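J.: Structure incoming, see below.
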Amino acid sequence: MIRIGVDLGGTNLRAARVGADHAIVAAHRELVGEPRDVDSIVARVALAIEQLADVPEAHAPIFDDDPGEVVAVGVGIAAMLRGDDGTVANSPHLRWRDQPFGARLAARLGPRFRVGVYNDANAVVWGEVVAGAARGCRDVLGVYVGTGIGAGVVCNGRLVAGASHTAGELGHAKVRWDDDAEPCRCGSRGCVEAYLGGSYLDRAVRRDLAARPKQLARVVALAGGAELVTLAHVDAAAGEGDAYALELWEQRAPLLAVALGNALAVLNSERLVLGGGVLSRCPVLLDHVVTTLHVAAPAACVEKLSIVAAALGDDAGLVGAADLATMQP
């Protein structure tokens, strides 16, 4: 069986052919760009999959394929899903609601391709379980802080999808519910993503740069100019003890720690995998989150918990989606 994993996010479309040992043996990457309507994206995803399934003859010694061999295709998508057929209930980053993505992709590819569609964070966590930082663990919570916040849950060795396929949506756990709660792209307010998601944090910093530039002087100096400021520069300033940067992290980090602590109180996971672009580039923020987590979580629920960094990087979702696809009925 040929195995192909796809990672469809708000910025990048990545696809890879994955070997039986979970190694990536051929890959494709492009920007999502525009247009973003479902039919346009389906056409581009399908083309990438077909190219990976039918590699040039020169690669035949690597793949040794039968042209009619079944292709298991797993697509991890930045979306809340509905049902088992890959219907996208809500994808703020792709601007989709109630779109039959899975059915259209399967129809476009044809009967040779067995298609499964999964939440992208679930695919990432499963990749870490089968080949990365959570290998050998049966109870895992994986949380990824990037543009938004995604999470996936594995209990007793099985990925938890939930009754409506939205288990693990930790980014939309509510940490504020007052009148001043920040709005979230999901349509609600007070979600932890609206405070710690990278796009929201960046917007907050930009707002502060305009409103109180003197307080961000050290951040700007580290960046080499206000227009060059990133969250990594804020984190570096926090590491130097800068008042503005420390205040921002001390305000925001506990909100994620509380969401994580509540999740662990329910799940009693043995391993917490933390990753994503924001946490990987902001070690001071990560340290604040982990330190506060040990206060926020019930002690008995974290006695056997180990907290580790994600190991597979951008490849985790490709590996996880491809592996999940092989288990499709």
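J.: On average, how much accessible surface per residue is there in the chain, in Å², for a 1.4 Å probe, leaving out ligands, DNA and RNA?
T.: 44
J.: Right, here's the next one. If amide hydrogens are placed 1.01 Å from N in the peptide plane, which non-local residues have theirs closer than 5 Å to the one on residue 189?
T.: Here 184 satisfy the definition.
J.: So what's the projected area for segment 153-207, the Cα convex hull averaged over all directions, in nm²?
T.: Taking the Cα atoms of segment 153-207, their convex hull projects to 4.9 nm² on average.
J.: If a/c stays under 1.5 just call it rounded; otherwise compare a/b with b/c (prolate if a/b is bigger, oblate if not). Do that for segment 78-130, with a ≥ b ≥ c from the square roots of the Cα gyration tensor eigenvalues.
T.: In terms of gyration-tensor shape, oblate.
J.: Same structure again: How big, in percent, is the set of alpha carbon pairs in segment 172-329 lying more than 25 Å apart?
T.: Percentage above 25 Å: 40.
J.: Count neighbours as other Cβ atoms within 10 Å of each site's Cβ, and list the chymotrypsin sites (Phe, Trp or Tyr not before Pro) in segment 147-256 that are DSSP loop with at most 15 such neighbours.
T.: Passing both the DSSP loop test and the Cβ count: 177.
J.: Here's another thing I want to ask about it. For the chain, find the longest principal axis of its Cα atoms and tell me its angle to the long axis of helix 283-296, 0 to 90°, nearest 10.
T.: 80
J.: For segment 143-156, take each phi angle, set θ = phi - 60°, evaluate the Karplus expression 6.51 cos²θ - 1.76 cosθ + 1.60, and give the result in whole Hz per residue in order, putting x for glycine and proline.
T.: 10, 10, 10, x, 4, x, 10, x, 8, x, 10, 10, 10, 6
J.: Per 0.36 nm of contour for each residue apart, how much would the distance between residue 135 and residue 291 grow if the chain were fully extended, relative to their Cα-Cα spacing?
T.: Separation in residues times 0.36 nm, less the Cα-Cα distance, equals 53.7 nm.
J.: In square nanometres, what is one fourth of the surface area of the convex hull spanned by the alpha carbons of segment 166-238?
T.: Projected over every direction and averaged, the Cα hull of segment 166-238 covers 5.8 nm².
J.: Hey, another quick one. Roughly how many whole Å is it from the C-alpha centroid of segment 262-329 to that of segment 103-151?
T.: Segment 262-329 and segment 103-151 have Cα centres spaced 14 Å from each other.
J.: Okay, moving on. With a 1.4 Å probe and all protein chains left in place, how much of the accessible area of the chain comes from carbon and sulfur atoms, in whole percent?
T.: Carbon plus sulfur share of accessible area: 54 percent.
J.: Right, another one. How would you rank 126-135, 277-286, highest first, on the average number of other Cβ atoms within 10 Å across their residues?
T.: The most tightly packed comes first, giving 126-135, 277-286.
J.: Any chance you could look up the accessible area of residue 185 with a 1.4 Å probe, heavy atoms only, rounded to 10 Å²?
T.: Answer for residue 185: close to 120 Å² accessible.
J.: Per residue Cα convex hull volume for the chain, in cubic angstrom?
T.: Considering the Cα atoms of the chain, their hull volume per residue is 144 Å³.
J.: Could you tell me which residue out of 153, 130, 322 lies farthest along the dipole of the chain toward its positive end? Charges go on the beta carbon: Lys and Arg +1, Asp and Glu -1, centred on the Cα centre.
T.: 153
J.: Please list the non-local residues whose amide H lies under 5 Å from the amide H of residue 118, H modeled 1.01 Å from N, same-chain partners needing a gap of 5 or more.
T.: 75, 76, 77
The values are calculated or read from the model by the stated rules, or taken from the named source; none is laboratory data. None of the values given here were measured: they were computed from a predicted structure. Note that we place each Cβ from the backbone using ideal geometry, even for glycine, and neighbour counts take in every protein chain shown. Each accessible area value is taken on the protein alone, full model and side chains, heavy atoms only, with ligands, DNA and RNA left out. Shrake-Rupley method; radii C 1.70, N 1.55, O 1.52, S 1.80 Å.
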